[in-house]
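The values are calculated or read from the model by the stated rules, or taken from the named source; none is laboratory data. Owing to the predicted nature of the structure, the values given are computational and were not obtained by experimental measurement. Backbone-built Cβ (ideal geometry, glycine too); neighbour counts: all protein chains shown.
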Amino acid sequence: MSRYDSDEEHQPITWLRGYPVYAAHFIVLVFVGSMLVSTVLMAGNVGHLLSWLTFRSDEVLKGEVWRLFSYGFVNPPSLWFVIDMVMIVWFGREVERFLGRRTFLLLYGCIYFLSPLLLTLIGMWQPMQLAGAPGAFALFIAFATIYPNAVLLFNFLAKWVAAILVGIDTLIALSVHDWAGLISLWATVGFAFAFVRHHQGHFALPSFSLLRRRPPHRPRPDPSPARTAVMTEVDTLLDKISRSGFSSLTPEERAKLDAARKQLRQRASGHR
């Protein structure tokens with residue numbers, strides 16, 4: 001990653017006691033704050049207030065659009081929450097260093113809103129629910145796409161760990177009929193993979209132009225000044241012949257006309 005050392009987008013936002021701080025750390029900081037708030041509300045027996053923040057497709061379709069934004073801030077304390085935060089810090093930081101800060105935030109923003117938007121559409125037929133900080137596993141997929149041969153725990157390559165975890169999570173969701181979780185899983189990991197591959201230049205986005213563009217008009221090159229002068233002089237001689245006859249030409253004008261005729265014949269034979 002030395003090729004990014006001079007690029008500010010790929011550098012830490014700041015340093016804290018000699019430790020680099022990236023945008024991924026601020027994302028985790030926000031979610032940890034939401035976990036503390038969720039804990040306080042639940043401890044004060046007012047945890048039902050969190051139901052106003054969770055994503056519910058039927059409520060969103062009724063106009064409660066804030067649920068598209070707020071669902072990620074419902075985070076009761078759990079071991080899985082800690083694991084997700086570690087994944088965002090660890091793998092999200094590496095993805096940010098590779099993509100750059102703005103592109104990384106664009107990636108995470110798309111991951112954050114992709115699931116609720118997709119589930120809202122599906123919710124027109126079947127109600128869907130979603131809650132909790134998203135994106136940790138999708139960022140790991142992005143990391144495994146960038147560094148497929150990175151060695152992780154127990155000497156497993158990142159690409160194989162990613163494939164195994166996606167398979168296990170898929171089986172778990174199918175076994176408990178967690179259709180919202182399954183759709184969210186495949187949508188986010190698929191998007192993360194495609195986003196990174198596009199950024200790496202492995203494929204281009206499709207063009208949706210309805211009309212085929214006409215090829216740009218390429219004007220013919222202008223004739224050289226010397227050729228233009230000769231043709232102008234020949235036209236003048238031909239005009240003189242049409243007015244006064246061939247006998248009106250001087251010997252010098254006849255020689256010029258003969259020379260011009262020979263040049264035209266040579267060019268015509270050269271194009272055959």
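General remarks:
Conditions tested, residue by residue: (1) loosely packed, with under 14 Cβ neighbours inside 10 Å; (2) in a loop (DSSP other than H, G, I, E, B).
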site: P12; (1), (2): no, yes
site: F26; (1), (2): yes, no
site: V40; (1), (2): yes, no
site: S70; (1), (2): no, no
site: F81; (1), (2): no, no
site: V89; (1), (2): no, no
site: E96; (1), (2): no, no
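- Test: L118 is farther than 25 Å from E8 by Cα and either assigned by TED's automatic domain parsing to the domain that holds A187 or not in a strand (DSSP E or B) (or both): yes
- Filter result for A138 (more than 28 Å from L50 (Cβ to Cβ) and either modelled with pLDDT of 95 or more or outside any loop (DSSP other than H, G, I, E, B) (or both)): no
- Taken as a whole, the structure leaves L105 outside the set of residues that are in a helix (DSSP H, G or I), aliphatic (A, V, I, L, M) and modelled with pLDDT under 95.
Matching residues to (1) among the small types (G, A, S); (2) assigned by TED's automatic domain parsing to the domain that holds A136; (3) at pLDDT 60 or above; (4) surrounded by 10 or more Cβ atoms within 10 Å (Cβ to Cβ):
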site	(1), (2), (3), (4)
A158	yes, yes, yes, yes
A162	yes, yes, yes, yes
G181	yes, yes, yes, yes
F191	no, yes, yes, yes
P219	no, no, no, no
F246	no, no, no, yes
Q263	no, no, yes, yes
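- Unmet requirement for Y147, which otherwise passes all of (1) closer than 23 Å to A23 by Cα; (2) without any contact (Cβ under 8 Å) to a residue 24 or more places away in the chain; (3) surrounded by fewer than 19 Cβ atoms within 10 Å (Cβ to Cβ): (2)
- Residues of the range 52-68 satisfying the condition of being free of Cβ contacts under 8 Å to residues at least 24 places away in the same chain and either in contact with a Pro (Cβ under 6 Å, 6 or more places away or on another chain) or not in a helix (DSSP H, G or I) (or both): K62, G63, E64, V65, W66
- T14 satisfies every condition listed in (1) in contact with a helix residue (DSSP H, G or I) (Cβ under 8 Å, 6 or more places away or on another chain); (2) under 27 Å from W90 (Cα atoms); (3) β-branched (V, I, T) except (1).
- Of the residues I183, I164, the single one that is under 24 Å from the mean Cα position of the chain (by Cα) and part of a helix (DSSP H, G or I) is I183.
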